[in-house]
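The values are calculated or read from the model by the stated rules, or taken from the named source; none is laboratory data. Note that the coordinates shown come from a computational prediction; the quantities given were computed from them, not determined experimentally. Surface accessibility is based on the protein's heavy atoms, side chains included, excluding ligands, DNA and RNA. Shrake-Rupley method; radii C 1.70, N 1.55, O 1.52, S 1.80 Å.
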Amino acid sequence: MKPALLTIGLLVLANIFMVIAWYGHLKLQSAGIASNWPLYLVILLSWGIALAEYCLQVPANRIGFDGNGGPFSLIQLKVMQEVITLVVFTIFTLIMFKDTHFTKNHLISFLMLVGAVYFAFKK
């Protein structure tokens with residue numbers, strides 16, 4: 001598999017785990033599953049999930065980084081990762097939190113992020 005595609009795929013998978021680690025406990029709480037859990041237990045659960053994120057994120061950065069023979073500069077990796085994070089977060093939020101609405105302002109902010117990616121990759 002090409003390093004660029006492998007990097008992007010690993011970043012997407014890593015961000016799925018990250019969003020679940022950071023925000024999944026809120027869904028468990030709102031569903032009444034974890035509403036009485038002590039904070040330390042929620043933190044341990046999130047850390048456990050985040051471990052999977054790190055196991056994907058670190059290789060993605062190593063494979064994709066141009067200093068290691070990959071196709072992306074460090075800044076390109078970071079900008080790409082942030083956009084992937086927001087896309088994964090938005091999909092997760094719209095599926096798991098039905099009372100959240102995607103507005104015109106959100107669309108405009110996403111278009112600005114696409115512009116950020118364009119300029120980060122522009123030669």
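Whole-Hz ³J(HN,Hα) for each residue in segment 69-80, computed from phi via Karplus 6.51 cos²θ - 1.76 cosθ + 1.60 with θ = phi - 60°, x for glycine and proline: what do you get?
With the stated coefficients, segment 69-80 comes to x, x, x, 10, 6, 4, 5, 4, 4, 5, 5, 4 Hz.
What does the C-alpha gyration tensor say about the overall shape of segment 59-123? Classify as rounded when a/c is under 1.5, otherwise prolate if a/b is larger than b/c, or oblate. Don't skip to the answer; put the middle values down first.
Working: a/c = 5.79, a/b = 1.84, b/c = 3.15.
Because a/c hits 1.5 or more and a/b fails to exceed b/c, segment 59-123 counts as oblate.
Solvent-accessible area per residue for the chain at a 1.4 Å probe radius, Å²?
Per-residue value: 66 Å².
Got a number for carbon plus sulfur as a percent of the chain's accessible area, 1.4 Å probe? Could you put the intermediate results ahead of the total?
Values: 5990 of 8180 Å².
Roughly 73 percent of what the probe reaches on the chain is carbon or sulfur.
Ratio to report: Rg/Rh of the chain, with Cα atoms as the point set and Rh obtained by the Kirkwood method; give two decimals. Could you put the intermediate results ahead of the total?
Values: Rg = 16.5 Å, Rh = 15.9 Å.
Across the chain, the Cα-based Rg/Rh ratio is 1.04.
Hey, can you grab everything whose amide H is under 5 Å from the amide H of Thr100? Only 5+ residues off in sequence or another chain; H modelled, so Pro and N-termini drop out.
Here the answer is none, since no amide H 5 or more places off falls under 5 Å of that of Thr100.
Quick check: residue separation of Val58 and Met1 times 0.36 nm, minus the Cα distance between them. What number comes out in nm? If you can, show how the numbers build up before the last one.
Working: separation 57, 0.36 × 57 = 20.52 nm, distance 1.76 nm.
Residue separation times 0.36 nm, minus the Cα-Cα distance, leaves 18.8 nm.
Take the alpha carbon atoms of segment 72-106, find their center, do the same for segment 6-34, and report the distance between the two centers in whole angstrom.
So the two Cα centres are separated by 12 Å.
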